[in-house]
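Notes follow once the structure below has been shown.
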Amino acid sequence: MSRVYPFDDAATARAVIDDDGTLVEWNEGARRLLGHPAGAVVGRPAARLLAAPGPRAAPTGPRWEGTVGLRHRDGRTVSVWLLAHRRPPEDGRPGDWLVVTPLTGPEPPAADDPLVEAALIQAPCPVALYDDALRLRLMNAAMADIIGLPEERVRGLRLPEIGGKPQSDELEQGMLQVLTSGSRLDVRTFLRTGGEDRAHAWLARMAPVRDAGGRVRGVCLAAHDVTDNQRARQRLQLVNEASVRIGTTLDVTRTAQELADMCVPALADFVTIDLLDLREHGSEPSARITAPVLLRRTAHQSVLAGVPEAVIEPGQADAYPDFSPQADALTAGRTITTSVATGDLDRWHSWHRARGERVHAFGIHSSMSVPVQARGLTLGVAVLTRHRRPDAFTPDDVLLAEEITARAAVCIDNARRYSRERETALALQRSLLPRSLPRTAALDASSRYLPAARAGVGGDWFDVIPLSGLRVAMVVGDVVGHGIQASATMGRLRTAVRTLADIDLAPDELLTHLDDLVLRLSEESGVEGSTGEVGATCLYAVYDPVSRRCTLARAGHPPPVLLRPGGRPALLDLPAGPPLGLGGLPFESAEVELPEGTVLALYTDGLVQSRERDVDASRELLLEALGQDADPLEGTCDRVLHALLPAGGAADDVALLLARTRGLPASQVATWDIPADPALVAPVRKQVVEQLAAWSLSEASFTAELVVSELVTNAIRYGSHPIRLRLIHDATTLICEVSDTSHTAPHLRRAKILDEGGRGLMLVAQLTQRWGSRHTTDGKTIWAELPLFEVDR
């Protein structure tokens, strides 16, 4: 394939050889060199032109050069230096070798050649020659333009005398080193020369100048303007640094401050980060912004200590009208650059006098407003201003600011979304936890819940549940995982515990039912073989202030801590039990006697798990904190959390429940054994009335007498002996309990007109505040609660 060149094609002998060694191209210069016309050699092996056998193998590299003997058409041998280039396939052309050699002679150009004379003076690279005294002898036009002085005015001066800057001394020290060592040297510097309006980055390349004898007679200095390369490297370094320094946490304020810190002083002298006030715009930023815009100062930074340029402080909100640079950038959705000199900010500064005064006081001359945008949403605006740096913002500065702000915007949006999800989960968690613990006659209680510092809210919960007979249940649990799903699961389990507690199940039986529920929740998660997909631990305890005994059972939960009056705190030895969700394994309960004033501490594993220490060390700290003055419980809760949790928050969420037991005096309990004779119900009623009179509760005698009569009559008629009646009273409640050995519980029903029975329990339900039944190991107990709010004692 022939090629067209705009030069003398015959000045160079050129041939093309394909991979098979066949000549496929032969130009006029090749014909002049060897005398062979193109028609005589094209299509034939190139080896026929060799005067002697050549190398058997073709060159393997991309280039080959050497001298070979070639056959002239007249039969003589011509020694020729050849340069061969390997050309890859292109546009359907197979790969081949381009072989060339110049036809001009090897003589150098003449001394009076005008090209030689103009080589130095007209060279585009600034060049200067200094003698062995480091005084200027010669410089070209490019160097004169940079210095801003003609050569004849500065010839004979040293570089510091020409430049007059500290960088000039540094360059002269480099030339002295070249002069004495005879070696080349490169020096980088940043300075403003006499012919420049601003400082540039320079690469000064210095080389020794030698005479015919090889002696160093001077130094040649060539200057290269590397400002663009320097700034490109700085921008790349700044962007890379921003990707590391911005977004270290999922905190909006911290991320905005990192953006401001990143831009000062690299890009600006004063930076403000203002984000949309979501209380004004709703929980989600708007994709389209209209003026006026309410922005809240989130962060700012300055080269001056104390950020004196700022008019408002972080956390304060301000409205920005449509002629402000902030509103302009937000409504336009792009970066807006303004200048004080051009009058772009006059209206804004006259409208907001405080800002105008700060601009005048600090000499702010340029401003750049960059929208903070991520995922199609506008989050706020970053305003960069300059007052110490004299130069205005350039298009490259705009691109760099937009790149850094875009990276920060994604981090701010991630932090915003995380904060919103965390707040949602925390609101759900707190709505599912008891807002306040009930006041009971059995114990005083205090609690704390803290979400995890990093992982967010989880499934920890606690509860205090009043039971019949002035008994009270205490429960602490922990659902595996974090987030809304764990909180929702916790809510379901807490509801289930309250429901199971309402039917007065024993602690081990309650955990068995709860284990079945967790298994069903795992199956509902839709994961095949998902046993344990939803997991939890739980500790359930029931305390009776009459007997002062507490029954506890746990399912894989940390053991509670017991502090008896006058004693030392110790872990309560309970059967561990499997975590909820495994299924098929039994739970065991234990019963302990708790003297009045005993403190029981129930907690989740987040309290004792720490990266700084093991669980045993954390439990020792817990025992030590509980062993101090335990009155009041609120202060004890704070002391425990302060002793065990790091300042930055716990790695897992924490639930803590402290309870101090009370005992009901024997004088507030009355018990009778009931004979199996319906005729003796009347004497029993009389004894009840007498006991109420002794308790100064005569006003409740009529109702109590009816309730006792119905409960005792039902027990005699339908229950099994022995039968026992017990009255319990505290400040607000009178409790009537009838126990027998039958396991059949009564049910409330509506009696028909001709029915002889069915009205007794209906009467009890109408006269009492609550009533119910609970199963015991040897039978059942029917109980009813009568309010005493109106009784004046």
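The values are calculated or read from the model by the stated rules, or taken from the named source; none is laboratory data. Just so it is clear, the model here is predicted, and its values are computed rather than measured. Don't worry about glycine lacking a Cβ; one is built from the backbone with ideal geometry, like all the others, and counts go over all protein chains shown.
How about the range 142-173: which of its residues are of a type in the set (Asp, Glu), over 13 Å from THR193 (Cα atoms) and touching a Ser or Thr at 6+ places or on another chain (Cβ under 9 Å)?
GLU170
Across the range 663-683, what is the number of residues that are out of contact with any helix residue (DSSP H, G or I) (no Cβ under 9 Å at 6 or more places or on another chain), more than 28 Å from ALA442 (Cα to Cα) and β-branched (Val, Ile, Thr)?
0
Name the residue, out of VAL372, VAL340, that is in contact with a Gly (Cβ under 8 Å, 6 or more places away or on another chain) and aliphatic (A, V, I, L, M).
VAL372
For the structure I just gave you, tell me whether ARG235 is surrounded by 14 or more Cβ atoms within 10 Å (Cβ to Cβ), touching a residue at least 40 places away in the same chain (Cβ under 8 Å), within 27 Å of the chain's Cα centre (by Cα) and in a helix (DSSP H, G or I). Talk me through it step by step, then tell me what you get.
Details: surrounded by 14 or more Cβ atoms within 10 Å (Cβ to Cβ): yes; touching a residue at least 40 places away in the same chain (Cβ under 8 Å): yes; within 27 Å of the chain's Cα centre (by Cα): yes; in a helix (DSSP H, G or I): yes.
Yes, satisfied.
Just checking, which of ALA601, ALA625 is surrounded by 20 or more Cβ atoms within 10 Å (Cβ to Cβ), small (Gly, Ala, Ser) and in contact with a His (Cβ under 9 Å, 6 or more places away or on another chain)? If you could, list the steps in order and put the result at the bottom.
Working: ALA601 fails: in contact with a His (Cβ under 9 Å, 6 or more places away or on another chain).
Answer to the check: ALA625.
Working only within the range 643-668, note down all residues that are crowded, with 16+ Cβ neighbours inside 10 Å and among the hydrophobic types (A, V, I, L, M, F, W, C). Walk me through how you get there before you give the answer.
Step one: list which residues in the range 643-668 are crowded, with 16+ Cβ neighbours inside 10 Å, which gives 644-645, 650-664, 668.
LEU644, LEU645, ALA650, ALA651, VAL654, ALA655, LEU656, LEU657, LEU658, ALA659, LEU664, listed by residue number.
Which condition number does MET206 fail, the rest of (1) modelled with pLDDT of 90 or more; (2) touching a Ser or Thr at 6+ places or on another chain (Cβ under 8 Å); (3) over 30 Å from ILE273 (Cβ atoms); (4) of a type outside the set (D, E, K, R) being met?
Against the list (1) modelled with pLDDT of 90 or more; (2) touching a Ser or Thr at 6+ places or on another chain (Cβ under 8 Å); (3) over 30 Å from ILE273 (Cβ atoms); (4) of a type outside the set (D, E, K, R), MET206 comes up short only on (2).
Name every residue in the range 330-364 that is touching a His at 6+ places or on another chain (Cβ under 8 Å), of a type in the set (Val, Ile, Thr) and either within 26 Å of THR378 (Cα to Cα) or assigned to a loop (DSSP other than H, G, I, E, B) (or both), in order of residue number.
VAL340, ILE364
Residues of the range 432-463 being more than 36 Å from the chain's Cα centre (by Cα) and either assigned to a strand (DSSP E or B) or over 15 Å from GLU785 (Cβ atoms) (or both), which ones?
We begin by selecting, within the range 432-463, every residue more than 36 Å from the chain's Cα centre (by Cα); these are 438-445.
Within the range 432-463, ARG439, LEU443, ASP444, ALA445 meet the criteria.
Spot the failing condition for TRP351; the list is (1) in contact with a Lys or Arg (Cβ under 9 Å, 6 or more places away or on another chain); (2) surrounded by fewer than 16 Cβ atoms within 10 Å (Cβ to Cβ), and only one is missed.
Every condition holds for TRP351 apart from (1).
Are any residues in the range 697-735 of a type in the set (A, V, I, L, M) and more than 17 Å from SER773 (Cα to Cα), and if so, which ones? Spell out the reasoning first.
The initial filter retains those residues of the range 697-735 that are of a type in the set (A, V, I, L, M), namely 697, 700, 704, 706-708, 711-712, 715-716, 723, 725, 727-728, 731, 734-735.
LEU697, ALA700, ALA704, LEU706, ALA731 - these are the residues of the range 697-735 that are of a type in the set (A, V, I, L, M) and more than 17 Å from SER773 (Cα to Cα).
For the range 399-410, check the following and say yes or no: at least one residue is of a type in the set (Lys, Arg), under 30 Å from the mean Cα position of the chain (by Cα) and at pLDDT below 95.
Checking the range 399-410: at least one residue is of a type in the set (Lys, Arg), under 30 Å from the mean Cα position of the chain (by Cα) and at pLDDT below 95.
Residues of the range 158-192 being within 54 Å of the chain's Cα centre (by Cα) and assigned to a loop (DSSP other than H, G, I, E, B), which ones?
GLY164, LYS165, SER183, ARG184, ARG192
Within the range 493-529, track down each residue that is surrounded by fewer than 20 Cβ atoms within 10 Å (Cβ to Cβ), at pLDDT 90 or above and basic (Lys, Arg).
The answer is ARG498, and nothing else.
Take ASP573 and decide whether it is over 30 Å from LEU664 (Cα atoms) and either touching a residue at least 24 places away in the same chain (Cβ under 8 Å) or acidic (Asp, Glu) (or both).
Criteria not met by ASP573.
Out of all the residues in the range 628-637, which are more than 16 Å from GLY606 (Cβ to Cβ) and surrounded by 14 or more Cβ atoms within 10 Å (Cβ to Cβ)?
Selection gives ALA630, LEU633, THR636.
Which residues, taken from the range 354-397, are more than 21 Å from GLN234 (Cα to Cα), surrounded by fewer than 18 Cβ atoms within 10 Å (Cβ to Cβ), among the charged types (D, E, K, R) and modelled with pLDDT of 90 or more?
Within the range 354-397, just GLU357 meets the criteria.
Name the residue that is surrounded by the fewest Cβ atoms within 10 Å (Cβ to Cβ), counting only residues in the range 314-337 that are over 15 Å from LEU276 (Cβ atoms) and aliphatic (A, V, I, L, M).
ALA332
Exactly one of (1) farther than 13 Å from SER369 by Cα; (2) in contact with a Phe, Trp or Tyr (Cβ under 9 Å, 6 or more places away or on another chain) is unmet by SER431. Its number?
(2)
Being touching a residue at least 24 places away in the same chain (Cβ under 8 Å) and closer than 20 Å to LEU493 by Cβ, is that true of even one residue in the range 607-625?
yes
Among the candidates VAL311, VAL340, VAL293, VAL307, which residue alone is surrounded by 21 or more Cβ atoms within 10 Å (Cβ to Cβ) and at pLDDT 90 or above?
VAL293
Answer yes or no as to whether ALA327 is among the small types (Gly, Ala, Ser), modelled with pLDDT under 95 and not in a loop (DSSP other than H, G, I, E, B).
The answer is yes for ALA327.
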